[in-house]
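The values are calculated or read from the model by the stated rules, or taken from the named source; none is laboratory data. Nothing here was measured: the structure is a model prediction, and the numbers come from that model. Cβ coordinates were reconstructed from backbone atoms using ideal geometry, including for glycine residues, and neighbour counts include every protein chain displayed. What goes into the accessible areas is simple: the full protein's heavy atoms, side chains included, and nothing from ligands, DNA or RNA. Shrake-Rupley method; radii C 1.70, N 1.55, O 1.52, S 1.80 Å.
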Amino acid sequence: LALGMLGYVLHYTSQNGDMRRIYHGLDFSGRLCGVSKDVEYKPLLFWCSKAGKAMDAASLAAAGFAMSGDKMDIDGSSMDPTGVHAVLATSSSLDLEHPICVEECPTSRSTLSSCFQTAVEVNSKPDPFTGSFVKQTTYSFSFVADYPAFAAAGRYCLPSNITMMAQLTEKFTTSGDAAMFHLAQILQSWHVLAGAASVSFFLGYIYLYIVKTIAGPVIYGTFILSTLLSLGTGIYWIIGTHAASVDAAVATHFQAGSGARASSMYVPSTGSMEVDTAIGGLFLILGIGVMIFGFCVRSSVELVVGSLEATLECMEDMPVLLLQPLFGTLFQFVYLLFAFWGFAWVVSIGDVAHYDINSGGYTPKGLARSFSFEDDELPYVFVYCFVAVWGLELGYAIQHYAFCFATQAWFFSPYQNGSKVVSQLSYLKGVFSGFTVHLGTLVFGSFLLAVFQIAYAVLSVIHHQMKKSGDEKGNSVANGAAACCLCCLKCWEHLIRYMNKSVYLVTIINSESFCHAATTVVAIMIEEVAALAILEGITKVFQFGGVICITGCGCGMTWLVLRNAEAFTNPSSPQFVPQPEFVTAAAGLVCAGVAAMFMNVFDVISDTILMCWAIDKKHRKANGLPPNKDLPPRLSKLLGKAAGKEGGAAVPLTADCHH
């Protein structure tokens, strides 16, 4: 049913949508550059300069215009540059509210564009009986001399002059509604993001190898490196905040971007001193928090080392699991790519218009836009979002199910000559089993997560609109209730997500339905709360440290490349990146996603081993089965201590546990 509804939505979108409404620039009258009538051959958005004085023939000739006496030569025609055809001089200020569409970006001051000057409204005489009248608006344009510019992201003409560029970038960096410009930069730098992903993959596998070799020092090293990276980044950013004023920082940024090095050390800046200080403070708080937590949990490191040893032993016996981060990242990248592309396509069925903001300045027109939908079109957007989120969660569920299937197969296998012999195809068998045996359980679990996520998103939008309504006093109760509901929805989502991991494992082992498996999981969690809480908490922190280390190294390498490679610092280069901060931030998200995939390997395997231990322990107690030695010895002893028992009393596991 869901797939059928999605198919109908996409069919409607194919008939009424146009992706170009998403990313093409809008001129001040609302026409899409390169799309709308009369500008279909003008794909670039250009902000004219504010007009100066009229230029005489001598000034025009000095500027490089083609002149024949007192006449101008324009495309083989002669024009008198006086009166209504007067050419106005360019200035150092941009007219950010009235962009126009152009065929190509001007490269010198010897060309001109027809730019908006004034708009005069005249009302006709009202009808004496009904009061109806006609409002007529006359738009006046004049020729204005161009300024040198370059094409950015294939959509926008940005000024080569530092002062003029700063006028744009100040708005771009301080307004969230300039996201179209940032997105265009990021998409143009896709090769940089691909390189960052490759580097993070390489670092992830190095991380696994180091952990396998020296688990204990790696844990302490992770805490130390995470602390140093966070504190160093915070101090570095705050130095940039107090090193110079905001205007000087922005000017220095674009001097360096054009090749003129103003100082030996470039400090990043968003263009806002308050934002810079907040970012630096957050990094400092993060570093201090990691350091304090490391001191608090140092006594539990032995348990983590034992868990890591068992996890790595499983991965050593089944090396095919090392490919799971690659498969998981590939799935996530491909799915999200198509999902966001489809979302943009569905949104494009709406009517596009300029979107103005009035909170401390304005965004240059032509970038931000809004979409309005007919009443019968909004359900299409909702259905697509719900099915897309559901599909993503189902993909994660199948991956997790296959991982649990392979791990429990290793866990319940007996030791032979010091290792467990398990089929290397266990992961693929798990995928096949998930699709053919327990697909209903996986669909139901992912459906619950999708419901809570969509409900949270809808309520967040409502809450945001209520806060913007202006009647803060009258809506205080409603705002508080909405905030409480948001908190509850997010808590339930996290609870269900955590429960699903163990529910899928119980489903594999006992072949129970989702609800029965959930009941079993709750009983096990209550019985083994000590061991579960300690191992889960410490392992999460270790994974968090790994994500910070890999992400920090990936971001640092990306930043160095963007700041030093001529292809990205030269404005004449097609790959020029005007604001490397945003591309570096995007690379950081990519690196964090890849790192999270690697850390997920530890999370899933360690959680699965621990839950298998608890399930088998409960099964043996209920059936009076004898213990055996098939659990990794060190982990068995540590889990027994964590559960409040002696190592031998924590009933070891055997292959007799039924599947």
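Sub-9 Å Cβ pairs linking a first residue in region 195-206 that is closer than 13 Å to Gly328 by Cβ to a second residue that is open to solvent by 20 Å² or more (accessible area, probe 1.4 Å) and of a type in the set (Phe, Trp, Tyr), at least 6 apart or interchain, are Ala197/Phe333, ordered by first then second residue. Can you name the residue in region 30-44 that is in contact (Cβ under 8 Å) with a residue 12 or more places away in the chain and closer than 22 Å to Val347 by Cα and, of all such residues, is surrounded by the fewest Cβ atoms within 10 Å (Cβ to Cβ)? Step by step, filter region 30-44, then rank; the result is Gly30.
Of the numbered criteria (1) farther than 21 Å from Pro571 by Cβ; (2) at pLDDT 90 or above, the one Glu103 fails is (1). Being within 30 Å of Asp276 (Cβ to Cβ) and either touching a helix residue (DSSP H, G or I) at 6+ places or on another chain (Cβ under 7 Å) or among the hydroxyl-bearing types (Ser, Thr, Tyr) (or both) is a property that holds for Ala166.
With the structure loaded, tell me whether Ser142 is at pLDDT 80 or above and open to solvent by 10 Å² or more (accessible area, probe 1.4 Å) or whether it fails that test. It is true that Ser142 is at pLDDT 80 or above and open to solvent by 10 Å² or more (accessible area, probe 1.4 Å). Scanning region 96-133 for residues that are touching a strand residue (DSSP E or B) at 6+ places or on another chain (Cβ under 7 Å), over 18 Å from Pro43 (Cα atoms) and surrounded by 14 or more Cβ atoms within 10 Å (Cβ to Cβ) returns Arg109, Phe116, Gln117.
Within region 37-88, restricting attention to residues that are among the acidic types (Asp, Glu) and within 25 Å of Pro99 (Cβ to Cβ), the residue that is modelled with the lowest pLDDT is Asp75. Within region 547-583, can you find the residues that are open to solvent by less than 20 Å² (accessible area, probe 1.4 Å) and within 29 Å of Ile206 (Cα to Cα)? If the condition is that a residue be open to solvent by less than 20 Å² (accessible area, probe 1.4 Å) and within 29 Å of Ile206 (Cα to Cα), then Cys549, Ile550, Gly554, Thr558, Leu562, Pro580, Val583 are the ones that fit. Looking at Val577, Val541, Val601, just one residue is at pLDDT below 80 and outside any helix (DSSP H, G or I), and that residue is Val577. Close contacts from region 407-427, counting a first residue that is part of a loop (DSSP other than H, G, I, E, B) and a second that is among the aromatic types (Phe, Trp, Tyr) and modelled with pLDDT under 85, with Cβ to Cβ under 8 Å and a gap of 6+ residues or different chains, come to none at all. Pairs needed: first member in region 382-396, surrounded by 19 or more Cβ atoms within 10 Å (Cβ to Cβ); second member anywhere, among the hydroxyl-bearing types (Ser, Thr, Tyr); C-beta distance under 8 Å; at least 6 residues apart or different chains. From region 382-396, the pairs are Trp390/Ser446; Leu392/Tyr335; Glu393/Ser446; Leu394/Ser446; Tyr396/Ser446. Looking at the structure I just gave you, is Ile524 under 23 Å from Ser413 (Cα atoms) and not small (Gly, Ala, Ser)? Yes, satisfied. Strands (runs of 3 or more DSSP E) fully within region 96-162 that include at least 1 residues being without any contact (Cβ under 8 Å) to a residue 12 or more places away in the chain: none found.
Looking across region 45-57, the residues that are assigned to a loop (DSSP other than H, G, I, E, B) and touching a residue at least 40 places away in the same chain (Cβ under 8 Å) come down to Trp47, Cys48, Lys50, Ala51, Met55. Being surrounded by fewer than 20 Cβ atoms within 10 Å (Cβ to Cβ), of a type in the set (A, V, I, L, M, F, W, C) and either without any contact (Cβ under 8 Å) to a residue 24 or more places away in the chain or part of a helix (DSSP H, G or I) (or both) is the requirement here; does Leu60 meet it? Here the answer is no, as Leu60 does not meet what is asked.
Can His400 be described as open to solvent by 20 Å² or more (accessible area, probe 1.4 Å), free of Cβ contacts under 8 Å to residues at least 12 places away in the same chain and at negative phi? For His400, the condition - open to solvent by 20 Å² or more (accessible area, probe 1.4 Å), free of Cβ contacts under 8 Å to residues at least 12 places away in the same chain and at negative phi - is not met. For beta carbons closer than 7 Å, sequence separation of 6+ or different chains, a first residue in region 315-331 that is under 22 Å from Ser413 (Cα atoms) and a second that is of a type in the set (S, T, N, Q) and exposed (fewer than 15 other Cβ atoms within 10 Å of the Cβ), the qualifying pairs are Asp317/Ser419; Met318/Gln424; Val320/Gln424.
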